[in-house]
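Only one structure is covered here, and it is reproduced in the block below.
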Amino acid sequence: MILRLAIGSLLARALTVGMTVLAIALSVALFLGVEKVRTGARASFADTISGTDLIVGARSGSVQLLLYSVFRIGNATNNVSWESYQDIAQRDEIDWIVPISLGDSHRQFRVMGTTQAFFEHYKYRGGRALEVAEGQGLNDLYDAVIGADVAATLGYAVGDPIVVSHGLASFTDHDDQPFRVAGIVAKTGTPVDRTVIVSLEAITAIHVDWQSGAKQSGATTPVEVIRGMDLTPDAITAALIGTKSRLQIFGLQRWINEYREEPLLAILPGVALQELWQIVGVAETALIGVSAMVVVTALLGLVAMIFSSLNERRREMAIWRAMGARPAVILGLLVLEAMLMAAAGALLGVALLYGGLAVLRPLIDAGFGIWLPIDWPSTREALVLAIVIGAAALASLLPALRAYRLSLADGMMVRI
């Protein structure tokens, strides 16, 4: 009986009720959307590198090593000698190892020297491999494979020339040894998209006439001569390692960290990613707080709507009292109406969220590399919906208590 009365009362005020439901729906969609983006960003962040057991570099901090080796942010404090790299590579525990050499750039994009093994073993987003969407891999000394963002920003196509600059903020170009765009990597949503990849030998080649970070005056070795030289590097920046067994990871890590020939550091990418997320994850708390305030504002609007309708409904409530309705019935009616509006708003908010995800997910993945899964609401999200409905019930108690105290005489009194 009371449910039918509540539904009938809401339908009689369809316009104001509909606006309130829409406000709640939009706030719920925003809050859950922020939650989806937060979890999706965290998952995509953690999936920047997948299937790599250890990252090795010069001894520094785990986050610093992760930043420059994976995210191309910052610089290494030192390099790893080629002899140490070979010593590590010969360990029985190692299944594969990929050297990385950093330090140069091209128009604000980082240049990374590596081997063909990088394309075979670098994985992201739960094991996805890199895919060269256009062209081919590194087949010539002066071939370069560029990321999707590099190609889109600079308008490069396969076959275009590229001149690498020395250092990250240098005005000195290696223009005597230009590269050619041999391939373009498909969009990954990882730092690979913003990287120019060349061979490890190419990094050595463009620095043949350089010493102590500067080009030797008047030295210009012909390209034909360089091609015939031994271009084995003296040092690398870092190395990615995959072990034959996960049981061997910690033993190998300890051996590298205690390496006597030079100070080295081996980190587990997953652990370092968690440490990094704790640093950058402060923003997500602020974002959740802002979206929670939007939900609170919508609930305050619901209370204001109930309060504003009380004066119009005082005669209606007095008639109910005259017909024998107890004050508790009127209180329960207003609370039930608020809960129905909140429930309708929550369900509509969920529908808006998933409808928006279905449309925007491919665009967000392509533009920002964040994958937003469309699945059933999680326990956390269901709890949020329950809290919204419960909060609406609590928020409606104040106007409901005011209606509870309305007297029959006050309600039937005619004001001029």
(message) I'd like to check something: does region 174-186 contain any residue that is farther than 19 Å from Gln216 by Cα and more than 30 Å from the chain's Cα centre (by Cα)?
(response) yes
(request) Please give the number of the condition Ala14 fails out of (1) without any contact (Cβ under 8 Å) to a residue 24 or more places away in the chain; (2) aliphatic (A, V, I, L, M); (3) assigned by TED's automatic domain parsing to the domain that holds Tyr122. (result) (3)
(request) Please verify whether region 263-284 includes one or more residues that are assigned by TED's automatic domain parsing to the domain that holds Val63, aromatic (Phe, Trp, Tyr) and in contact with a helix residue (DSSP H, G or I) (Cβ under 8 Å, 6 or more places away or on another chain). (result) no
(request) Considering only region 1-83, give the helices (runs of 4 or more DSSP H) lying wholly within it that have at least 2 residues that are surrounded by fewer than 16 Cβ atoms within 10 Å (Cβ to Cβ) and of a type outside the set (D, E, K, R). (result) 2-12, 14-46
(message) When the residues of region 159-185 are narrowed to those that are of a type in the set (A, V, I, L, M, F, W, C) and either out of contact with any strand residue (DSSP E or B) (no Cβ under 9 Å at 6 or more places or on another chain) or surrounded by 15 or more Cβ atoms within 10 Å (Cβ to Cβ) (or both), which ends up nearest to Ile97 (Cα to Cα)?
(response) Val185
(request) Among the numbered conditions (1) among the β-branched types (Val, Ile, Thr); (2) more than 22 Å from Leu102 (Cβ to Cβ); (3) touching a residue at least 12 places away in the same chain (Cβ under 8 Å), tell me where Val225 comes up short. (result) (3)
(message) Just to check your reading of the model, which residue among Asp95, Asp143, Asp104 is touching a Ser or Thr at 6+ places or on another chain (Cβ under 8 Å) and surrounded by fewer than 15 Cβ atoms within 10 Å (Cβ to Cβ)?
(response) Asp95
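May I ask you to verify whether Ala298 is of a type in the set (A, V, I, L, M), surrounded by fewer than 19 Cβ atoms within 10 Å (Cβ to Cβ) and at pLDDT 70 or above?
no
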(request) Take region 358-386 and flag every residue that is surrounded by 14 or more Cβ atoms within 10 Å (Cβ to Cβ) and either at pLDDT 85 or above or touching a strand residue (DSSP E or B) at 6+ places or on another chain (Cβ under 6 Å) (or both). (result) Leu385
(request) Go through (1) of a type in the set (A, V, I, L, M, F, W, C); (2) modelled with pLDDT of 80 or more; (3) touching an Asp or Glu at 6+ places or on another chain (Cβ under 7 Å) and name the single condition Ala393 misses. (result) (3)
(message) So, in region 110-136, exactly how many residues are touching a Lys or Arg at 6+ places or on another chain (Cβ under 9 Å) and surrounded by 19 or more Cβ atoms within 10 Å (Cβ to Cβ)?
(response) 3
(message) Quick check on Gly189: is it over 16 Å from Thr115 (Cα atoms) and surrounded by 12 or more Cβ atoms within 10 Å (Cβ to Cβ)?
(response) yes
(message) If Pro233 meets every condition in (1) touching a Pro at 6+ places or on another chain (Cβ under 9 Å); (2) at pLDDT 95 or above apart from one, which number is that one?
(response) (2)
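Test of understanding: among Thr204, Thr195, which residue is over 33 Å from the mean Cα position of the chain (by Cα), crowded, with 18+ Cβ neighbours inside 10 Å, closer than 18 Å to Pro99 by Cα and of a type in the set (S, T, N, Q)?
Thr204
The values are calculated or read from the model by the stated rules, or taken from the named source; none is laboratory data. A quick note: this is a predicted structure, and the numbers were derived from the prediction, not measured. So basically every Cβ, Gly included, is an ideal-geometry build from the backbone, and we count neighbours across all protein chains shown.
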